[in-house]
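Some notes on the structure that comes next.
The values are calculated or read from the model by the stated rules, or taken from the named source; none is laboratory data. Remember, predicted model here, so these are calculated numbers, not experimental data. Virtual Cβ from ideal backbone geometry, glycine too; neighbours counted across all protein chains shown.
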Amino acid sequence: MGYVIATVNMKGGVGKTTLTVNLATCLAKHHGKRVLVVDLDTQISATLSLMAPHDFAKIRKERRTLSQLVYKAIKPDSKLPLTIHDIIVPYVGTVKGLDLLPGDIDLYDEFLVSEMLHKKALQDGESNYIEVWNRFEKVLVKGILEPVIKDYDFIILDCAPGYNLMTRSGIMSSNFYLLPARPEPLSVIGIQLLERRIAKLRETHNFDNNSLNLRLMGIVFIMSGGILGRYYHQVIQRVNEDFTSAQIFKTRIPLDVNVAKAVDSFMPVVLAAPNSSGAKSFMKLTQEFLNKLQVSGGIYKTPTGKLNLSNME
C-alpha cells in the first residue's frame, strides 16, 4: 500500500505546487516509483504544471476531473458512471509511472455539502451537526483514493492554501505531510498556523497522536537566496527553535529562472530543464526524501509492512 503525502502550507506562494510536481516526477522518472499527483486546489496549478490548458479543457468538458468524484461522495445515489480509474490521466509528461488526478476550478458546492450533511444528521437523529461534518471530512478524500491506493508507491496531494474542506480532508487521509516554505517571515507564520491547525484537528475530530497517523516529513525551503537572502538566517534560526534538524530538509531549492520558465511550458523543471540548478536540487531533494523513509531517518517499514514511527524525532 502506498504512502499518502500532503504538500501543504497555510500561506500561498511558497512553492507548494512546484515541490509537488517536481518531487513526483523525480520519484517516477529517476527512481521507478508509481506516483499519483492529486490536485486538491481550485487554482489547478498542479494540473496545469503537468498538462497543457487545451488538454485540461477537453477532460473538463468530458467531466473527467476530481470534482465528479467529490460530487459522488456528496450525492452517493447519483448515477455518475465515471470511476477514479476513468478520471486518472496516466503517463503525464510522457513519464512512465507518473499519473494525475486532475483538479477543477469548481471542486464542490458548499451548499450541497451542507444540505447533504443536514439531511444525514436528521436521518441519524444526530443533534450535533459539527460531529456529522467532522465524520464526513475524515472519509471524503480517503474514500475517493481507496480504490487506487494499492496501485501506487506514493500519492501526493497538492493541497490548497488556507484551510478549506478539501485541505482538511486531504491532511486527514495522509501518512505524512511536506511543508514548503520560503525564507521570509510570513512563510514561517504559515508553518506555525498549520501546526496549530493539525493539533486542532486531533482535538476536534477525537484523534489521539496515534489514531491520526500523520507525521511531518519535513520542511522544504524553496527559492532560497538572492533578494530573500537577508531574511534567510533569521528565518532558519526561528524554524530551528521549533523543529528538530531531522524535520528540516538539508536540500534547499535555489532561485532559478528555469523553474518559472518550466511553468510556462506546462511541465516540471526536472523535465523542461533537467540540467538547471533548480532541477538538480529537486533530484537531490528526492533522494533525501527517500532516505527519510529508511532506517537512518527514523522511519522504516516493519517486516509486516506497517510503518513504525516510534523512532521519529
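General observations
- Extreme residue, modelled with the lowest pLDDT, among residues of region 207-227 that are polar (S, T, N, Q) and surrounded by 12 or more Cβ atoms within 10 Å (Cβ to Cβ): 224
- Residue ID - surrounded by the most Cβ atoms within 10 Å (Cβ to Cβ), chosen from residues in region 1-15 that are touching a helix residue (DSSP H, G or I) at 6+ places or on another chain (Cβ under 8 Å) and modelled with pLDDT under 95: 8
For every residue, the table says whether it meets (1) surrounded by 21 or more Cβ atoms within 10 Å (Cβ to Cβ); (2) in a loop (DSSP other than H, G, I, E, B); (3) on the phi > 0 side of the Ramachandran plot.
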residue: 76; (1), (2), (3): no, yes, no
residue: 79; (1), (2), (3): no, yes, no
residue: 82; (1), (2), (3): no, yes, no
residue: 116; (1), (2), (3): no, no, no
residue: 138; (1), (2), (3): no, no, no
residue: 143; (1), (2), (3): no, no, no
residue: 162; (1), (2), (3): no, yes, yes
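- The condition of being modelled with pLDDT of 85 or more, surrounded by fewer than 17 Cβ atoms within 10 Å (Cβ to Cβ) and aliphatic (A, V, I, L, M) holds for only one of 309, 290, 285, that being 290.
- Residue 30 being modelled with pLDDT of 95 or more, more than 27 Å from residue 280 (Cα to Cα) and assigned to a helix (DSSP H, G or I): no
- Checking each residue in region 38-63 for being part of a loop (DSSP other than H, G, I, E, B) and in contact with a Lys or Arg (Cβ under 9 Å, 6 or more places away or on another chain) picks out only 41.
- Residue ID - nearest to residue 22 (Cα to Cα), chosen from residues in region 230-254 that are among the polar types (S, T, N, Q) and part of a helix (DSSP H, G or I): 247
- Checked against the criterion of being over 22 Å from residue 169 (Cα atoms), surrounded by 16 or more Cβ atoms within 10 Å (Cβ to Cβ) and touching an Asp or Glu at 6+ places or on another chain (Cβ under 8 Å), region 16-31 contains one or more residues that satisfy it.
- Of all residues in region 17-38, none satisfies being of a type in the set (S, T, N, Q) and within 14 Å of residue 65 (Cβ to Cβ).
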